[in-house]
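Structure record follows, encoded as structure tokens.
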Amino acid sequence: MVRERRSFLKGEGVVTVVGAGGVVWRAYDQGVFSVGEGPAYEPWKNWRNTNGGPLALVQAAILAPRVECCVGRQVEHFLARCKHAT
């Protein structure tokens, strides 16, 4: 009985380590640990390398944040947690 439990726990430990290693490998393979790199970040790297014209304006507008949305949420978040904002 004790021997079966020990061998079961050893097997589960091996499966857990192999599974965790697989998850880390998959995350690395998908680029989870390379922050700020890849095709999704290309517009931020070369937004100034355009020829100008209306296309450059559209590209800049796409990258621009919506200030009224972001700032309003930050202020609401701050006021909701501030003790002195009553």
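I'd like the FRET efficiency for GLN30 and ILE62, computed as 1/(1 + (r/R0)^6) with the beta carbon distance as r and R0 of 25 Å, rounded to 0.05.
E between GLN30 and ILE62, to the nearest 0.05, is 0.55.
Residue by residue through region 6-16, which ³J(HN,Hα) values in whole Hz follow from phi under the Karplus form 6.51 cos²θ - 1.76 cosθ + 1.60 (θ = phi - 60°), with glycine and proline marked x?
Result, ordered by residue: 5, 5, 5, 5, 4, x, 5, x, 5, 4, 5 Hz.
None of the figures in this text is laboratory data; all of them are computed from the coordinates on show. Since the model is a prediction, treat every value here as computed from it, not as a measurement. Reconstructed Cβ throughout: ideal geometry from the backbone, glycine too, with neighbour counts over all protein chains shown.
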